[in-house]
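The values are calculated or read from the model by the stated rules, or taken from the named source; none is laboratory data. Treat the numbers as computed from the prediction; the structure is a model and nothing was measured. As a convention, Cβ positions derive from the backbone with ideal geometry for all residues, glycine included, and neighbour counts pool all protein chains shown. Heavy atoms of the whole protein, side chains included, go into the accessibility calculation; ligands, DNA and RNA do not. Shrake-Rupley method; radii C 1.70, N 1.55, O 1.52, S 1.80 Å.
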Amino acid sequence: MEDSVKQKLKQREFTLASVAELSSAASASRGIARFSYNGPLPELHINQESQQITLSVDLPAAQLFKLGPVQSVCMVDGSDKGKETTYSRGLAIQFKNEEESRAFHFVFQQWKKEANVQGGDLPNGTISTSKSKFDEKIESSSAKMYFHYYGQLLHQQNMLQDYVRTGTYYAAVIENRADFVGRVVVDVGAGSGILSLFAAQAGAKHVYAVEASEMAEYARKLIAGNPTLGQRITVIKGKVEDAVLPEKADILISEPMGTLLINERMLESYVIARDRFLIPSGKMFPTLGRIHMAPFSDEYLFVEIANKALFWQQQNYYGVDLTPLYGTAFGGYFSQPVVDAFDPRLLIAPPAFHVIDFSKVKEEDLYEIDIPLRFIASVGARVHGLACWFDVLFNGSTVQRWLTTAPGAPTTHWYQLRCVLSQPIYVMAGQEITGRLHMIAHNAQSYTINLTLSAKMWGPGAEQGGILQTSSDKFDLKEPYYRMSQPQAYPLAQDQQPQPLINTQDIPIPSQDLDDSELMQEPSPNSCAQIDSLMQNI
């Protein structure tokens with residue numbers, strides 16, 4: 001019997017012993033259930049012969065329930081059309097035998113699944129009625145804030161005025177004109193539509209600009225204002241997880257990178273768009289990304305963060321002892337990754353990198369990223385944490401171009417990111433530093449970062465030795481400390497003399513090896529010694 005059912009999986013038409021609407025007083029009668037395609041989009045039509053009724057079933061929104069060996073109910077969601085409300089409809093279906101019932105259920109689920117992922121020959125901008133992957137994995141309040149943010153022109157302007165970003169995208173597209181001429185392009189998360197316009201400039205046959213925020217309306221206005229290019233661009237307002245396009249794409253173009261490359265989790269949408277829209281031999285701009293990591297030493301930054309919690313050391317704040325919250329506040333400040341631009345001379349070892357190939361990576365691979373770390377210290381220093389940045393490659397047929405956010409390179413709106421450990425570790429030149437960077441996605445469109453750094457035994461006999469020091473902390477990539485400029489001086493009283501501010505980038509990092517006595521000598525009482533003593537009381 002099972003083989004017979006499998007043969008019926010290819011069946012598109014079923015004769016029903018009876019079919020009737022649950023809400024209707026009309027009697028049940030024989031009917032026909034027919035699966036077919038409206039263009040490439042799967043559909044189900046159920047005809048009741050005696051009443052001459054034909055019902056088109058929206059497969060993604062429909063549910064089929066088995067009541068008995070040959071009895072089933074098909075529920076179809078209603079919709080609001082202006083002032084008239086159409087309520088959910090139920091169809092009572094009876095099959096000729098149990099084998100026919102089982103086959104219909106198999107085929108129904110197969111076609112329903114295909115309807116959820118298959119693009120259709122529908123008007124541009126059509127959105128699937130089924131709940132998308134995005135809605136299932138992202139908290140609604142986070143998504144609302146995210147799309148509100150990117151729906152504002154001032155934030156689009158901030159990105160457009162990042163000339164490293166915008167200029168690199170323009171060069172990557174125009175220099176690889178051969179990849180775009182006569183091709184269909186999908187712009188994933190189009191924003192203002194600037195990348196769609198670049199693709200049209202490069203000779204794309206047609207560009208579908210998919211944008212879920214209200215920025216889609218501004219994109220339409222901008223594209224309409226450039227009619228020579230705009231006649232080949234269609235703006236589709238909706239998520240890439242939901243949008244239905246009339247044709248497959250030869251090229252995907254997008255700017256899916258967030259802080260540390262992965263923040264905001266748009267890379268997942270980029271990969272979903274690849275699986276839904278891109279032909280097998282299609283290209284992706286960008287093609288791959290790399291997360292670069294290196295340990296750093298920055299005493300000024302460490303003291304700055306630790307000092308923030310000193311407020312909670314007050315024992316008589318309007319008669320209240322705040323110290324019970326000091327430990328929590330201290331940990332809270334160190335849980336924030338620092339976003340700023342730093343001097344590359346603060347790095348104390350050559351960087352390592354982790355590759356994410358957008359053309360091959362699975363969406364699920366981005367849910368959890370685990371990176372083992374190993375560095376050899378170039379100098380003796382106190383290691384305050386891990387510095388990170390990223391770059392992406394546009395692997396064009398004519399020119400390969402990189403967009404980098406590295407320290408020392410022209411600054412971008414992504415800056416760099418540093419995870420500062422609440423307990424620094426000491427290393428000597430030539431000493432091995434090991435650890436792990438473990439990033440777990442959460443439903444607020446970001447990641448929890450778990451960082452561990454360890455200094456291994458150094459010197460003669462190190463091969464038999466173990467770990468000397470280990471420091472671990474947890475960070476929330478969603479809540480960084482944006483440290484874009486140096487702290488401003490407090491207003492001075494008239495009898496005070498101004499003191500020069502310390503510039504963190506001017507703090508010297510020793511370039512020579514230090515012996516044990518130099519490395520372990522007592523730090524300045526105004527900096528790390530004071531902080532170390534406070535940390536003992538946490």
Checked the stretch 290-317 for anything of a type in the set (A, V, I, L, M, F, W, C), open to solvent by less than 10 Å² (accessible area, probe 1.4 Å) and either in a helix (DSSP H, G or I) or touching a Gly at 6+ places or on another chain (Cβ under 8 Å) (or both); matches are Phe296, Leu301, Phe302, Ile305, Ala306, Ala309
Number of positions in the stretch 221-244 that are part of a helix (DSSP H, G or I) and touching a Gly at 6+ places or on another chain (Cβ under 8 Å): 3
For residues in the stretch 318-331 being open to solvent by 30 Å² or more (accessible area, probe 1.4 Å) and outside any strand (DSSP E or B), which is nearest to Pro407 (Cα to Cα)? Gly331
Selection count, the stretch 117-139, where residues are modelled with pLDDT under 70, loosely packed, with under 15 Cβ neighbours inside 10 Å and not in a loop (DSSP other than H, G, I, E, B): 1
Every residue from the stretch 75-110 that is buried (at least 19 other Cβ atoms within 10 Å of the Cβ), modelled with pLDDT of 85 or more and under 20 Å from Glu43 (Cβ atoms): Ile93, Ala103, Phe104, Val107, Phe108
Within the stretch 272-289, does at least one residue satisfy the condition of being in a helix (DSSP H, G or I) and small (Gly, Ala, Ser)? yes
From the list Thr412, Thr404, which one is β-branched (Val, Ile, Thr), at pLDDT 95 or above and open to solvent by 20 Å² or more (accessible area, probe 1.4 Å)? Thr404
Only residues in the stretch 195-217 that are closer than 13 Å to Ala172 by Cα count as the first member; pair them with residues that are among the polar types (S, T, N, Q) and assigned to a strand (DSSP E or B), Cβ under 8 angstrom, at least 6 apart or cross-chain, and list the lot. Leu195/Ser254
Which of the residues spanning the stretch 245-262 are in a loop (DSSP other than H, G, I, E, B) and either among the hydroxyl-bearing types (Ser, Thr, Tyr) or free of Cβ contacts under 8 Å to residues at least 40 places away in the same chain (or both)? Thr259
Out of (1) at pLDDT 80 or above; (2) open to solvent by less than 60 Å² (accessible area, probe 1.4 Å); (3) closer than 22 Å to Ala243 by Cβ, the one Gly68 does not meet is (3)
The helices (runs of 4 or more DSSP H) lying wholly within the stretch 140-195 that contain at least 2 residues that are surrounded by fewer than 22 Cβ atoms within 10 Å (Cβ to Cβ) and under 19 Å from the mean Cα position of the chain (by Cα) are 140-150, 153-160
